[in-house]
Amino acid sequence: QVQLQESGGELVQAGDSLTVSCLVSGQLISNYYMAWFRQAPGKEREFVAAIRWTGVVPYYADSVKGRFTISTDDAKNTVHLQMHSLKPEDTALYYCAAQRGIFSYRADDYTNWGQGTQVTVSS
């Protein structure tokens, strides 16, 4: 089955940029929707962004639209989330997820998950 491994999370200052990455291993990558979710302490896991492995039609949560960009890199079997103008409220554990169906912003629709990478934004 597909396995996901996030990396790149770290402590940054408000206004900084940071890219987190998800290394994808396994089969049927081109047929998957890839997504990023995040979860802060005391809050539910929330949708951030999603994209087909082919890179067509990305979707973004309103809270990150215009600041974050999701992309895929076939050569490196990697999904990236490029984050700009980071805010303290972006602080969370960021998870990579995958599923074979149509676009979804619901965590329950995703069947494969990474372990998460911590992004902390100080003010």
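The values are calculated or read from the model by the stated rules, or taken from the named source; none is laboratory data. In this text, all values refer to a predicted model and were calculated from it rather than measured experimentally. Here the Cβ positions follow ideal geometry from the backbone for every residue, glycine too, while neighbour counts run over all protein chains shown. Calculation scope for accessible area: heavy atoms of the full protein, side chains included, ligands and nucleic acids excluded. Shrake-Rupley method; radii C 1.70, N 1.55, O 1.52, S 1.80 Å.
Just a few scattered comments:
- DSSP-assigned coil residues among trypsin sites (Lys or Arg not before Pro) in region 33-123, each with at most 11 further Cβ atoms within 10 Å: 43, 65, 106
- For region 1-115, the calculated P(r) over all alpha carbon pairs, in 10 Å bins from 0 to the bin holding the longest distance, is 15, 52, 29, 4 percent.
- Taking 7 Å steps out from each Cα toward its Cβ at residue 89 and residue 120 produces label points 2.1 nm apart.
- Per residue, the chain exposes 52 Å² of accessible surface when a 1.4 Å probe is rolled over the protein heavy atoms with every protein chain present.
- With every protein chain in place, the chain: carbon and sulfur % of accessible area (1.4 Å): 47 percent
- Net length gained if the chain between residue 16 and residue 46 were fully extended (0.36 nm per residue, minus Cα distance): 8.6 nm
- Under the combined filter of DSSP loop state and at most 10 neighbouring Cβ atoms within 10 Å, region 15-123 retains these GluC sites (Glu not before Pro): 44.
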